[in-house]
Amino acid sequence: MKVLVAVKRVVDYNVKIRVKSDNTGVETANVKMSMNPFDEIGVEEAVRLKEAGKATEIVAVSMGPQACQETIRTALAMGADRGILVLTDAELQPLAVAKILKVLCDKEQPGLVILGKQAIDDDCNQTGQMLAALLDWPQATFASKLELGVSDARVTREIDGGLETITVTLPAVLTTDLRLNEPRYASLPNIMKAKKKPIDTVDPASLGVDVAPRLSTLKVNEPAKRQAGVKVATVADLVAKLKTEAKVI
Ligand code: AMP
C-alpha cells in the first residue's frame, strides 16, 4: 500500500514568535524553519508501517517556496521514498492545500493519506477534514494509535472525554495527534542517502488548482502581556483576595 504524507514547513516550535511591526503577520525572515511537529509524527507512522511490511512506498508532499525541499529531504532522511514539491510563492490556505492533495491522491492512488492534526503556524486544523470531504474518503482525525488492516484501519482518537476507537475503510485520511508516536532522528547515513532520493517538482497551475486565498487576514496582534503576580503571606490572605479582588469564589 502506498502512503502519502503531507509535510509543512513552519517556523520551528522553539522560536519565540514576533509579530511584524505593521501587524500583517508574523516575522519569518531569518527565523529557523522546521517540519511541522505533527507532520514529523505522520512521517514516523508511515515509516513504521513500511518497516512492519504494511506500506510499500511513502511519498512526502510539501507545498510552498523552494525551501520546502528541505522539509521533504528531512522526510526522506526519516525513511520516505520520494517527494513531491508543489512549488508556489502564493499564500496557501487549507482549502488550496486540500485541493492540491486531492489532485495528487487522484494521481498517486494511496491507500492512506497522513496529515498533521494542525499546522503550528496557522493552527487551522482544517486541511485533513477538507481533503477527506473532497475525496469522499473516511477520515480518522486526532489519531493516537493506528492498527492498519488490509482493507480497513482501526484508529484510536484523542477526544475531549478520553479516547475513542473507530474503524475506517481504506483508502482513508488520517490526522496525527501528539501521542501517536515519538519521531526518530534521521541518522547521518540516512541524511546522505536522502540526497539521492527523487523529488518531483510541480506547480498548482499544472495540477489545475486555483490557490487564490478565500480569506484575508485583517490584523495580527501579540497576546496581551501577563500581569505580574503577587505573593500572599497566608492562606487567609489568598482566600480574601480571591473573594474581594479576583471575585472567583
Ligand atoms: P492546517 O489545517 O493548516 O492546520 O494543517 C493541517 C495539516 O495539513 C498539516 O499538519 C500538514 O500535514 C498539512 N498541510 C497544511 N499546509 C501544508 C503545506 N503547505 N504543505 C504540506 N502540507 C500541508
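The values are calculated or read from the model by the stated rules, or taken from the named source; none is laboratory data. Just so you know, these numbers come straight off a predicted model, no measurement behind them. Here the Cβ positions follow ideal geometry from the backbone for every residue, glycine too, while neighbour counts run over all protein chains shown.
Regarding residue 92, is this residue surrounded by fewer than 24 Cβ atoms within 10 Å (Cβ to Cβ), within 11 Å of the ligand (Cβ to nearest atom), under 17 Å from residue 10 (Cα atoms) and among the hydrophobic types (A, V, I, L, M, F, W, C)?
When the stated conditions are applied, residue 92 passes them.
Can you name the condition, by its number, that residue 206 falls short on among (1) without any contact (Cβ under 8 Å) to a residue 24 or more places away in the chain; (2) closer than 28 Å to residue 62 by Cα; (3) assigned to a loop (DSSP other than H, G, I, E, B)?
So the condition that residue 206 fails would be (3).
Filter the strands (runs of 3 or more DSSP E) completely within the range 106-177 down to those with at least 1 residues that are of a type in the set (A, V, I, L, M, F, W, C) and over 22 Å from residue 48 (Cβ atoms).
Qualifying strands (runs of 3 or more DSSP E): 152-159.
Could you pull out the residue among 41, 17 that is under 23 Å from residue 144 (Cβ atoms), among the β-branched types (Val, Ile, Thr) and in contact with a strand residue (DSSP E or B) (Cβ under 8 Å, 6 or more places away or on another chain)?
41
Could you check the range 61-87 and list, in sequence order, the residues that are closer than 30 Å to residue 216 by Cβ and crowded, with 20+ Cβ neighbours inside 10 Å?
61, 62, 63, 64, 68, 71, 72, 84, 85, 86 - these are the residues of the range 61-87 that are closer than 30 Å to residue 216 by Cβ and crowded, with 20+ Cβ neighbours inside 10 Å.
What number of residues in the range 178-199 are assigned to a helix (DSSP H, G or I) and either touching a residue at least 24 places away in the same chain (Cβ under 8 Å) or surrounded by 17 or more Cβ atoms within 10 Å (Cβ to Cβ) (or both)?
Going through the range 178-199 one residue at a time, the tally reaches 7.
Could you grab me the full set of residues in the range 1-34 that are touching a Gly at 6+ places or on another chain (Cβ under 9 Å) and either more than 16 Å from the ligand (Cβ to nearest atom) or under 16 Å from residue 77 (Cβ atoms) (or both)?
1, 2, 5, 7, 9, 19
When both residues are 6+ apart or on different chains and their Cβ atoms are under 6 Å apart, which pairs have a first residue that lies in the range 13-26 and is within 29 Å of residue 178 (Cβ to Cβ), and a second that is part of a loop (DSSP other than H, G, I, E, B) and among the basic types (Lys, Arg)?
15/32
Could you check how many residues of the range 1-60 are of a type in the set (Asp, Glu) and within 25 Å of residue 216 (Cα to Cα)?
Residues that pass the stated criteria total 3.
Looking at (1) more than 13 Å from the chain's Cα centre (by Cα); (2) within 13 Å of the ligand (Cβ to nearest atom); (3) crowded, with 20+ Cβ neighbours inside 10 Å, find the lone condition where residue 128 falls short.
The single condition residue 128 does not satisfy is (1).
Would you tally the residues in the range 213-249 being part of a loop (DSSP other than H, G, I, E, B) and surrounded by 11 or more Cβ atoms within 10 Å (Cβ to Cβ)?
4
Which ones in the range 95-113 are without any contact (Cβ under 8 Å) to a residue 60 or more places away in the chain, within 14 Å of the ligand (Cβ to nearest atom) and among the charged types (D, E, K, R)?
Across the range 95-113, the qualifying residue is only 102.
Considering only residues that are in contact with a strand residue (DSSP E or B) (Cβ under 6 Å, 6 or more places away or on another chain), at pLDDT below 95 and over 30 Å from residue 20 (Cβ atoms), which ones fall in the range 199-249?
Scanning the range 199-249 gives no hits.
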